[in-house]
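The values are calculated or read from the model by the stated rules, or taken from the named source; none is laboratory data. Predicted, not measured: the structure shown is a model, and the values here were computed from it. Every residue, glycine as well, gets a Cβ built from its backbone with ideal geometry; the counts of neighbours run over all protein chains shown. Only protein heavy atoms, including side chains, enter the accessible area calculation; ligands, DNA and RNA are left aside. Shrake-Rupley method; radii C 1.70, N 1.55, O 1.52, S 1.80 Å.
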Amino acid sequence: MSGQPLVVARNVSKSFGHVEVLKGIDLEVQRGQVVCLLGPSGSGKTTFLRCINQLETYDGGRIRVDGDLVGLEERGGRLHRLPDKRIAAQRREIGMVFQRFNLFPHMTALENVVEAPCQVLREPRAQAVARARALLERVGLADRAGNYPAQLSGGQQQRVAIARALAMRPKLMLFDEPTSALDPELVGEVLAVMKELAADGTTMIVVTHEVAFAREVADEVVFMDGGVVVERGAPAEVIGAPKHERTRTFLARMRAEHRA
Amino acid sequence: MSTRQPVSADGAGASEAERPGPVDAVGVRHPWRWVAIAVIAVLAAMFVHLLVTNDAFDWAFTLEAMNQNLVIRGFLVGTLLTTVAAMLIGVAGGVLLAVLRLSDNPVLAGVSWVFTWFFRAVPRYVLLTFVGALGALFATGLSIGVPFDFLLTQWFGTPELRLLTFDQQWVYGVFGGLAGGIIGLGLSEAAYMAEIARAGILSVDKGQAEAAGALGMTKQQTMRRVVLPQAMRVIVPPTGNEVIAMLKDTSLLVAIPVNIELFFQLGVIRSRTYEVVATNVAAILYYLAATSVLMVGQYFLERRFGRGFGTRTTARRPAVVPGAGGGGAA
């Protein structure tokens, strides 16, 4: 089993009404690998990421995580959509970090991290709290456990959100532009936490505009545009020596923005 | 103002005397405030004078009327208890109706819509009159069993399948009394609360449900643990209004008719003594007192559900100065 890739997506397509946002995406992610999805806005990379944990349903192709079809089941020679409860069960194994953090504002940082283990995994509260404190410490926020999200900076909120996702011990972590909503001086602290996760062997799919991060951390970089994968490969190839014009244009623009 | 002396960037070149000191300015005058104060003072004096000198205010009688056992019981049961019980039905029913209305199931959403449509359309006085006379609908009694069993009996000769049967008197007794009043007012309230709860649920950012879903929480858990607690912040203030409106609408219980009710009992005294002003003032004082207590309760509820919002919330544990404990992760 462990020799198989953790995530296998084949020919995934998705339309919103008449607009085709994904036109046959293929992707494989090996265990312990970090894959970065780059591309201009509207390229479909966020939609693809959301399909992996069923925040969006896909219309075509198949996505498998750890061998299991995502959101679907083959029974009696036909595909059946999974009911909500089964989808919830699949999502437990997949952690997600959002662009806008989406912390629960009525709970403290600690309560945010404790919530899912207690409610979903039925972990004893004392045990969940102890683990939550350890996770908050790991993201450098041990002293912020009692703060509400509104009392934290964006970077701190995003680090709490990462701890919250890790509390479910997911097999796979999805990051949807985790630093795009942050003030520039706060980006570094979040990327530092993500680098540590990558170093610890967490399997990660990261949608990002941080080209430098992708170059340093990713095992594979996938460049998407217009709902298709334009180019993929090792970061040194895709970012260092892009073959396609669209990739070059995108990277040049990102670099220009970075300097500005 | 420019100065002729050269001033260096750090201001060290300017002498102390030329650097502006504290702002010791004359405040803006508000003459109209004084005019308003004068006018209102005169009106208030006139009002107090009226209260004290007008003999129609028989304060001694007012207090005596308020102190009658039946009036006190009417206030406790017909006004307070009914308000609490009807609001419990109203809030629980309203939240349920809102969740149904927002569900993916078109049948449930439709049921919720029809319920709200009906109970909002019927005036409470009319509704209570109807509920009080519900017994007339069940001349043969009301029973729980297999639906349409009498038709099956007619067609196939099977015996009637009934578990529990209540006779007409029982139906009259229940709906023609306090229980009927509480149910009627509660269902009517549920229709209004449904709209308030729906607005509250819709006010919660969609990302919240997504985040909960991504953690593997079921829709039910998401609603109960994440969405509703945040919706409460929006739901509580208008619900306070509803409670106060309900408190006053309990005076409609006379339509059932229920006689253990504040205004009904004061009405009895009024028609016996012709003390119109004193009995009405007694009622007003009761309603004022109850409403004032409710407003205090609302303040605390709003504070409870406002946790984590706004700038005045404090951390559960002593917090360090924001920004001091940044990047321990690096």
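Placing A:47, A:249, B:279 in order of accessible area, with the largest value first and a 1.4 Å probe, yields A:249, A:47, B:279.
Each part reduced to its alpha carbon centroid, the range B:112-134 and the range A:173-187 end up 53 Å apart. Peptide A:98-105 shows a mean partner chain C-beta count of 6 within 10 Å per residue C-beta.
Quick one: order B:113, B:59 from most to least accessible surface, probe 1.4 Å. Please list the in-between numbers first.
On the way: B:113 125, B:59 105 Å².
Most to least solvent-accessible, the answer reads B:113, B:59.
Of the candidates B:298, B:230, B:221, which one comes out as most mobile in a Gaussian network treatment of chain B with C-alpha springs shorter than 10 Å? Sorting by GNM fluctuation, first place goes to B:221.
Proximity of backbone amide H atoms, modeled 1.01 Å from N, is registered between residue B:58 and B:278 at under 5 Å, excluding neighbours fewer than 5 places apart on the same chain.
When accessible surface is computed with a 1.4 Å probe, chains A and B are found to bury approximately 3200 Å² between them, both chains counted. Computed over protein heavy atoms with a 1.4 Å probe, the accessible surface of the range A:174-257 works out to 41 Å² per residue. The relative contact order of chain B comes to 24 percent, based on Cα pairs under 8 Å that sit 6 or more residues apart. Taking amide hydrogens as modeled 1.01 Å from N in the peptide plane, which residues meet the under 5 Å criterion relative to residue A:231, leaving out close sequence neighbours? Sorted by chain and number, the residues that satisfy this are A:223.
For the range A:113-260, what is the relative contact order in percent, using Cα pairs closer than 8 Å and at least 6 residues apart in sequence?
Details: 151 pairs, mean separation 23.6, N = 148.
Relative contact order for the range A:113-260 comes out at 16 percent.
Loop only by DSSP, 13 or fewer other Cβ within 10 Å of the Cβ. Give me the trypsin sites (Lys or Arg not before Pro) in the range A:204-260 that pass, ordered by residue number. When the trypsin sites (Lys or Arg not before Pro) of the range A:204-260 are filtered for loop state and at most 13 Cβ neighbours within 10 Å, A:243 remain. Here the Debye sum runs over all C-alpha atoms of chain A as equal scatterers in vacuum, and log10 of I(q)/I(0) at q = 0.07, 0.08 Å⁻¹ comes out as -0.25, -0.32. With just the Cα atoms defining each centre, how far is the range A:129-162 from the range B:229-269? Give it in Å. Result: 45 Å between the Cα centres.
Amide H contacts of residue A:96: A:174, each under 5 Å away and 5 or more positions distant or on a separate chain (H built 1.01 Å from N in the peptide plane; Pro and chain starts excluded). Among the residues of the range A:141-166, those with an accessible-area drop of 20 Å² or more from chain alone to full protein complex, heavy atoms and 1.4 Å probe, are A:143, A:144, A:146, A:147, A:148, A:150, A:151, A:156, A:159, A:164. Summarising the strand pairing of the range A:140-260, around 50 percent of its internal DSSP beta bridges are antiparallel.
How large is the accessible surface per residue of chain B, computed with a 1.4 Å probe and reported in Å² as a whole number? Mind showing how you got there, number by number?
On the way: 20540 Å² over 330 residues.
Accessible surface, normalised per residue, equals 62 Å².
The string of couplings for the range B:93-110 from the Karplus curve (6.51, -1.76, 1.60, θ = phi - 60°) is x, x, 5, 4, 4, 5, 5, 4, 4, 8, 6, 6, 7, x, 5, 4, 4, x Hz, one whole number per residue in order, with x for Gly and Pro.
As a length-normalised measure over Cα pairs under 8 Å and 6 or more apart, the relative contact order of the range A:48-126 settles at 17 percent.
For chain B, leaving out every one of the trypsin sites (Lys or Arg not before Pro) that falls in a DSSP loop and has at most 10 other Cβ atoms within 10 Å, the longest unbroken run is B:30-311.
Nearest 500 deg cm²/dmol is fine: what mean residue ellipticity at 222 nm does chain A get from its DSSP H runs of n ≥ 4 alone, each adding -39,500 (n - 2.57), divided by its residue count? Mind showing how you got there, number by number?
On the way: 8 runs with 92 residues, N = 260.
After summing the helix terms and dividing by the residues of chain A, the value is -11000 deg cm²/dmol.
Which order do B:83, B:53 take when ranked by solvent-accessible area (1.4 Å probe, heavy atoms of all protein chains), largest first? Intermediate results must be reported in sequence, preceding the final value.
Numbers: B:83 5, B:53 75 Å².
The ordering from most to least exposed comes out as B:53, B:83.
What does the net charge come to around residue A:12 if you take all other residues with beta carbon closer than 15 Å to its beta carbon, with K and R at +1 and D and E at -1? Cβ neighbours under 15 Å give a net charge of +3.
Taking θ as phi - 60° and the Karplus parameters 6.51, -1.76 and 1.60, the scalar couplings of the range B:242-249 work out to 4, 4, 5, 5, 5, 3, 6, 6 Hz in sequence order, x denoting glycine and proline.
Cross-link pairs exceeding 21 Å between alpha carbons, from the set A:23/A:171; A:14/A:243; A:171/A:195: A:23/A:171; A:14/A:243.
Accessible area of the protein assembly as shown with a 1.4 Å probe: how many percent of it is carbon plus sulfur? Kindly include the intermediate steps, with their values, before the conclusion.
Numbers: 19000 of 31310 Å².
Accessible surface attributable to carbon and sulfur in the protein assembly as shown totals 61 percent.
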